[in-house]
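The values are calculated or read from the model by the stated rules, or taken from the named source; none is laboratory data. All figures in this text were calculated on a predicted structure; none of them were measured in a lab. Please note: Cβ atoms are built from the backbone with ideal geometry, for glycine as well, and neighbour counts cover all protein chains shown.
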């Protein structure tokens, strides 16, 4: 059994990736694009994905630890299932042979690097489905400086709230410790609500919800968002100058306005 999906399998899963890769095989979307993703809105990202046929990449209705913060990073996936003794015994034996220590949830955190976002399919479990608490969230922050998306619960929420520089999206809070679950894979395809998530996706978490962007569409998402924002700046500038009417700006632009926009853009 492989607890962490082998390098070769991750490469095959993400074969459309146009960038380099991490040692574990995950796509390494450039830091610059990941940083620029922080200014993208959910709707802008969704529009690009929908246009390419990726219609199952958004999930809403989350509890967010820090509502004022945007979550962006490269995905590490993990799947938990309800505990079955024979399967759990195999996982524990495999973990010991691989030198893993602590609880199975901590094994996932041990794989993370800066800029990662841990995305956990916890099958919606909240009571006894608390994947992280105060201590593991501290470790999560130390490893990633980003955060997590957990389709399950968290505990020790007061301790999580004081953590800077990261944010957790989860389904709920409960005082119980994690129990009766088994880790069946890291960096495998998982389901988060209505979405399918692959390792190396770039996640965007906002007040609206979370969107998972395949690596080969990240640049288009970022550039489309930047174009929309620049067009908005240009349109408002020209309206203030009285050069165009609201009707001209709020509809499909004429060739003349498009040329004016591109001339203005070159000066920027």
Practice task
Pull up the range 160-174, narrow it to residues that are assigned to a loop (DSSP other than H, G, I, E, B) and touching a strand residue (DSSP E or B) at 6+ places or on another chain (Cβ under 7 Å), then point me to the one that is surrounded by the most Cβ atoms within 10 Å (Cβ to Cβ).
Solution key: 166
Handout entry: Subset of the range 121-138 [in contact with a helix residue (DSSP H, G or I) (Cβ under 7 Å, 6 or more places away or on another chain) and closer than 18 Å to residue 3 by Cβ]
Key = 131, 136
Practice task
Show the residue pairs that are 6+ apart or on different chains and have beta-carbon atoms under 8 Å apart, the first residue being within the range 215-234 and farther than 22 Å from residue 19 by Cβ, the second being assigned to a helix (DSSP H, G or I) and modelled with pLDDT of 95 or more.
Solution key: 228/44; 229/39
Fill in the blank from the handout: Those residues of the range 144-155 that are surrounded by 18 or more Cβ atoms within 10 Å (Cβ to Cβ) and either free of Cβ contacts under 8 Å to residues at least 40 places away in the same chain or closer than 14 Å to residue 109 by Cα (or both) come to a total of 8
Practice task
With respect to residue 246, determine if the residue is more than 30 Å from residue 15 (Cα to Cα), in contact (Cβ under 8 Å) with a residue 40 or more places away in the chain and surrounded by fewer than 18 Cβ atoms within 10 Å (Cβ to Cβ).
Solution key: no
Exercise for the section: Any residue in the range 80-101 that's over 19 Å from residue 179 (Cβ atoms): show its pairings with residues that are modelled with pLDDT of 95 or more at Cβ separation under 6 Å, as long as the two are six or more apart or on different chains. Expected result: 94/3
